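The values are calculated or read from the model by the stated rules, or taken from the named source; none is laboratory data. In this text the structure is predicted, and so the values were computed from the model without any measurement. Ideal geometry is used to build each Cβ from the backbone, glycine not excepted, and the neighbour counts take in all protein chains shown. Heads up: the accessible areas ignore ligands, DNA and RNA and are worked out on the full protein's heavy atoms, side chains in. Shrake-Rupley method; radii C 1.70, N 1.55, O 1.52, S 1.80 Å.
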Amino acid sequence: MSKIKAHLDNIVLSHTVFALPFAYIGAILAAGSIPAARDLFWITLAMVGARSAAMALNNFIDLKYDRLQPRFANRPMVTGAVKPKGAVLMTLASFALFAVAAANLHPLCLKLAPLAVIPLSVYPYMKRFSWTCHLVLGLALSVAPIGAWVAVRGDITLPIVLLGLAVGVWIAGFDAIYGCQDLEFDKKHGLHSMPVRFGIQGTLTISKALHVISITGFVAVGILMNMHGVYYGGVVLAASVLIYQHSIVSPTDFRQVTQAYFMRNGLVSIALLVFTVISIIV
């Protein structure tokens, strides 16, 4: 049981809450109602498999740097609770789960699966080459709603592209804020990030712009999909949380960037899902 717990901690399974609700939103919008239980089951497994593979792979690839970062001293791979071999096996098993789930959804899902895997696999290397690493992470998570839409409808249209964009820049903006804490570490070890490239103040400004784009995207999706007014209540809630999250950080104070800071965003994604469900059934 301790080994299982270590692997679950290594992939931070609880953080699936960030992207999984957006996948469900994509599926609901595609169906125009609550999707079939079978589709939701395989969408869930696909999401869990893809995200688990990405996290295990990321921690394996970044182990060299994580061992030097004091904030990561308790990570399972740093403490040795999860061995590199175990992380590789977890990555392969998770990708296999993703492939099996994709094969049980619309045929287009399996055909597009390799495209979904690319950003998941490339992201861990991006900090070695480019400050756009945060945007690549956003791209990886934007696959969640788009993939779920494809799973139900078998096509890709403008509303779901906009939803994917909104989700992607939402995540990228917060990842950039998170990266501000590592500015000196990244500079020392030759890593790239928005804070290294644009400075902390510039990064916070870019993050705000990304989040404006995100809220605009959510609104545009509602308009294009002729959503009930209830849906926009969720968008207003999301915007309110974003405003609050930005208000408690500054170029000289990141003390509030804690686990709770990020879990609020997970709760917002759940709230958006709830508002979307209500808007569909009323």
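Data for the structure
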item: Rg/Rh ratio calculated on Cα atoms of region 1-159 (Kirkwood radius); result: 1.00
item: Whole-Hz couplings from phi, Karplus 6.51/-1.76/1.60, listed for region 173-181; x for Gly and Pro; result: x, 6, 5, 5, 4, 4, x, 4, 5
item: Pairwise label distance in nanometres, K5 with R197, each label 7 Å out on the Cα-Cβ vector; result: 4.1
item: Rg followed by Dmax, in Å, when region 116-169 is reduced to its Cα trace; result: 12.0, 38
item: Cα-based equivalent ellipsoid, region 72-160: semi-axes from gyration tensor eigenvalues, Å; result: 28, 18, 10
item: Euclidean distance of C-alpha centroids, region 1-79 and region 165-195, integer Å; result: 19
item: Pairs of alpha carbons in region 31-105 whose separation is greater than 18 Å (percent); result: 50
item: Cα convex hull of region 237-282, projected area averaged across orientations, nm²; result: 3.2
item: The chain, dipole about Cα centre (Lys/Arg Cβ +1, Asp/Glu Cβ -1), debye to the nearest 20; result: 640
item: Most mobile of I200, I248, I25 in a GNM of the chain (Cα contacts under 10 Å); result: I248
item: Where region 5-47 is the region considered: accessible area per residue in Å², 1.4 Å probe; result: 38
item: Distance between modelled label sites at R255 and Q69, nm, 7 Å Cα→Cβ extension; result: 2.3
item: Hydrodynamic radius (Kirkwood) for the chain, which is based on Cα pairs only, to one decimal in Å; result: 19.3
item: Compactness index (Cα Rg / 2.2 N^0.38 Å), region 152-282; result: 1.17
item: Local electrostatic count, V169, Cβ distance below 14 Å [Lys/Arg +1, Asp/Glu -1]; result: 0
item: Per residue Cα convex hull volume in Å³ - calculated over region 15-74; result: 85
item: Surface share of carbon and sulfur [accessible, 1.4 angstrom probe, percent] for region 1-132; result: 72
item: Over region 157-224: Rg over Rh, Cα atoms, Kirkwood Rh; result: 1.13
item: Three-way shape label, region 90-223, alpha-carbon gyration tensor, a/c 1.5; result: oblate
item: Relative contact order computed over the chain (Cα-Cα under 8 Å; 6+ residues apart), in percent; result: 22
item: Principal axes of region 152-195: Cα extent on each, largest first, Å; result: 48, 16, 14
item: Calculated [θ] (222 nm, deg cm²/dmol) that DSSP helices of n ≥ 4 give over the chain, each run adding -39,500 (n - 2.57); result: -25500 deg cm²/dmol
item: R0 of 51 Å, Cβ-Cβ distance I248-A37: FRET efficiency to nearest 0.05; result: 0.80
